[in-house]
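Asks: Let me give you the structure first, and then I'll get to my questions.
The values are calculated or read from the model by the stated rules, or taken from the named source; none is laboratory data. Here the structure is a predicted model, which means the values were calculated and not measured. In this analysis, Cβ positions are derived from the backbone assuming ideal geometry, glycine residues included, and neighbour counts consider all displayed protein chains. Side chains are part of the model used for accessible areas, which takes the heavy atoms of the whole protein and leaves out ligands, DNA and RNA. Shrake-Rupley method; radii C 1.70, N 1.55, O 1.52, S 1.80 Å.
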Amino acid sequence: LLLLLLWVRHRGLEYVLVHHRWVFVCFFLLPLSILFDIYYQLRAWAVWRLHSAPRQHAQRVRHIQEQVREWKKEGSKRYMCTGRPGWLTVSLRVGKYKKTHKNIMINLMDVLEVDSERQVVRVEPLVTMGQLTAYLNPMGWTLPVVPELDDLTVGGLIMGTGIESSSHIYGLFQHTCVAYELVLADGSLVRCSPTENSDLFYAVPWSCGTLGFLVAAEIKMIPAKKYVKIHYQPVRGLQKICEKFTEESKKKENSFVEGLMYSLDEAVIMTGVLTDEAEQSKVNRIGNYYKPWFFKHVEKYLKADRTGVEYIPSRHYYHRHTRSIFWELQDIIPFGNNPVFRYLFGWMVPPKISLLKLTQGEAIRKLYEQHHVVQDMLVPMKSLEKSIQTFHVDLNVYPIWLCPFVLPNNPGMVHPKGNETELYVDIGAYGEPKSKQFEARASMRQMEKFVRSVHGFQMLYADCYMTREEFWDMFDGSLYHKLREEMNCKDAFPEVYDKICKAARH
């Protein structure tokens, strides 16, 4: 350790952070991430044992209401936002507005109630997916849509969005929610559902906290099963890939559908079904720390050009991309999938995304901004082939994640162009673009223009370069703006565009 510190001092901290980031991550962030996990697990266990969450929830909500009323007494001079530090969010973007807005402290991170009769779980907004599946699975329940990464929060998935390989049946994460509770700009507490304050219920998703502060959500549950029987099928040729993926996405008998594209004309399409029975010789506990990263495991079927069937324990399946943060970790720890590293240190992986953000520094942030993309574009399934070709020309990033979802024609910011439910697909590009003409702002504006042209949507956690007019051309702001007017939000919260778009923030 002493030699390491001397070397860092000799080369300079910034040089090491930019060119040998794995040194800092392996020796400092991984142990720190373990301590974070231990703290939050012990806290969740203590809350569960003491049954303190439901009792304390009302008191905490009252504290939030008091802070809002205090803001009003001060003259409502600044916009309000949550006091949670920007580096704690999973989004790579760090919101600068936290420094200028009135920070409302919201310490709501517990599961409140599991209602087996209604098949609904009521939770606070800072409950994470990892926390929730660990809580529900032993009771025999799970969520219809479990967005992949452990640290994604319920509030982030509602105010932003969330998706998983079961979304071709259930839709986005917001479509599995049955009610929200919010503290509004006047300090009042309101519950909304499809039958109660329905306009607000449909306007909340994608609003990024600009209509009120989410303090609780009710989410549908479904019975959990022990395993996911997963079928791997390599497919070659872009047209065949799109045809096969579309065909499987339309089958409701598939509990899960997912595609990983390793090049423009090579992919593995995976379909899964929930089951309690398994052939023990084919059980793969892919979530164990010493196992290969999931996307590397899938690639073996492509290289061997063979199909395969496995049984993955359901919780392992739900968080199958967590250890490698999809494939982002290979850029941070290049040897992270090496068997020696996995067996010796894999139990410490992954580092917390929040800690990676906190310690990235200005040099790394600019490097990532100019030479790295993390984008999810949601496009109609009928535009899949054209969309992949566009991704290839403008970005040329592989692997590409394909995840189908059904988009109902509900009111709100995101819905199909027609009057009927439509099948969409999330195309996720994460990594360093290999396209020679890639230039962050110009290339992404070109991508955004294409997505608007096919009536698609850009996930709002990512860098967004659209003008205000282009943004509201992509999203339907009619209900959103109507409610902001009616609920006096204009002086209380920034417009969603001003909160997330680069053009508004620079």
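Asks: Quick one: which residue in P339, P313, P350 is out of contact with any Leu (no Cβ under 9 Å at 6 or more places or on another chain) and either open to solvent by 20 Å² or more (accessible area, probe 1.4 Å) or within 30 Å of Y465 (Cα to Cα) (or both)?
Replies: P339
Asks: Would you check which residues across segment 453-506 are more than 23 Å from the chain's Cα centre (by Cα), among the charged types (D, E, K, R) and under 19 Å from V414 (Cβ atoms) and list them?
Replies: Selection gives R468, E469, E470, D473, K482, R484.
Asks: Enumerate the pairs (first residue in segment 50-66 and assigned by the TED database to the domain that holds T82 and within 21 Å of N103 (Cβ to Cβ); second residue anywhere and open to solvent by 70 Å² or more (accessible area, probe 1.4 Å) and at pLDDT 95 or above) with beta-carbon separation below 7 Å, excluding pairs fewer than 6 apart on the same chain, so at least 6 apart or on different chains.
Replies: V61/L189; Q65/L189
Asks: Then there's this: May I ask you to list the residues in segment 131-154 that are open to solvent by less than 10 Å² (accessible area, probe 1.4 Å), touching a residue at least 24 places away in the same chain (Cβ under 8 Å) and within 16 Å of the chain's Cα centre (by Cα)?
Replies: Once the filter is applied, which keeps residues that are open to solvent by less than 10 Å² (accessible area, probe 1.4 Å), touching a residue at least 24 places away in the same chain (Cβ under 8 Å) and within 16 Å of the chain's Cα centre (by Cα), segment 131-154 yields T133, L143, P144, V145, V146, P147, E148, V154.
Asks: Among the listed residues T271, T275, identify the single one that is more than 25 Å from L395 (Cα to Cα), under 24 Å from the mean Cα position of the chain (by Cα) and open to solvent by 10 Å² or more (accessible area, probe 1.4 Å).
Replies: On inspection, the qualifying residue turns out to be T271.
Asks: Count, please, the residues in segment 114-130 that happen to be within 18 Å of T322 (Cα to Cα) and in contact with a helix residue (DSSP H, G or I) (Cβ under 6 Å, 6 or more places away or on another chain).
Replies: Within segment 114-130, residues that are within 18 Å of T322 (Cα to Cα) and in contact with a helix residue (DSSP H, G or I) (Cβ under 6 Å, 6 or more places away or on another chain) number 1.
Asks: Any residue in segment 420-439 that is on the phi > 0 side of the Ramachandran plot sitting within a Cβ distance under 8 Å of a residue that is surrounded by 19 or more Cβ atoms within 10 Å (Cβ to Cβ) and assigned to a strand (DSSP E or B)? List the pairs, counting only those 6 or more apart or interchain.
Replies: G431/V373
Asks: Has segment 22-37 got at least one residue that is open to solvent by 50 Å² or more (accessible area, probe 1.4 Å), under 25 Å from the mean Cα position of the chain (by Cα), among the β-branched types (V, I, T) and modelled with pLDDT of 85 or more?
Replies: Looking for residues that are open to solvent by 50 Å² or more (accessible area, probe 1.4 Å), under 25 Å from the mean Cα position of the chain (by Cα), among the β-branched types (V, I, T) and modelled with pLDDT of 85 or more, one finds none in segment 22-37, hence no.
Asks: How about segment 203-228: which of its residues are open to solvent by 20 Å² or more (accessible area, probe 1.4 Å), more than 12 Å from N137 (Cβ to Cβ) and either in contact with a Cys (Cβ under 6 Å, 6 or more places away or on another chain) or part of a loop (DSSP other than H, G, I, E, B) (or both)?
Replies: Listed by number, the list holds a single entry, C208.
Asks: Moving on to the next point. Looking only at segment 422-433, count every residue that is at pLDDT 95 or above and of a type in the set (S, T, Y) and tell me the total.
Replies: Residues that pass the stated criteria total 1.
Asks: Here's a check for you: in segment 229-240, which residue that is in contact (Cβ under 8 Å) with a residue 60 or more places away in the chain and assigned to a helix (DSSP H, G or I) is farthest from L402 (Cα to Cα)?
Replies: Q239
Asks: Does segment 352-359 include one or more residues that are without any contact (Cβ under 8 Å) to a residue 60 or more places away in the chain, more than 22 Å from G162 (Cα to Cα) and part of a loop (DSSP other than H, G, I, E, B)?
Replies: Taking every residue of segment 352-359 in turn, none turns out to be without any contact (Cβ under 8 Å) to a residue 60 or more places away in the chain, more than 22 Å from G162 (Cα to Cα) and part of a loop (DSSP other than H, G, I, E, B).
Asks: Quick one: which residue in G287, G308, G259 is among the small types (G, A, S), touching a residue at least 40 places away in the same chain (Cβ under 8 Å), surrounded by fewer than 20 Cβ atoms within 10 Å (Cβ to Cβ) and touching a helix residue (DSSP H, G or I) at 6+ places or on another chain (Cβ under 9 Å)?
Replies: Going through G287, G308, G259 in turn, just one is among the small types (G, A, S), touching a residue at least 40 places away in the same chain (Cβ under 8 Å), surrounded by fewer than 20 Cβ atoms within 10 Å (Cβ to Cβ) and touching a helix residue (DSSP H, G or I) at 6+ places or on another chain (Cβ under 9 Å): G308.
Asks: Right, something else. List, please: which pairs have Cβ atoms under 6 Å, are six or more places apart or on different chains, and start with a residue in segment 18-39 that is within 13 Å of I332 (Cβ to Cβ) and end with one that is part of a helix (DSSP H, G or I) and at pLDDT 90 or above?
Replies: L30/M348
Asks: Continuing with the same structure: Pairs please, first residue from segment 314-332 and more than 25 Å from I222 (Cβ to Cβ) and of a type in the set (A, V, I, L, M), second anywhere and open to solvent by 10 Å² or more (accessible area, probe 1.4 Å) and outside any loop (DSSP other than H, G, I, E, B), Cβ atoms under 6 Å, 6+ apart in sequence or on different chains.
Replies: I332/R21
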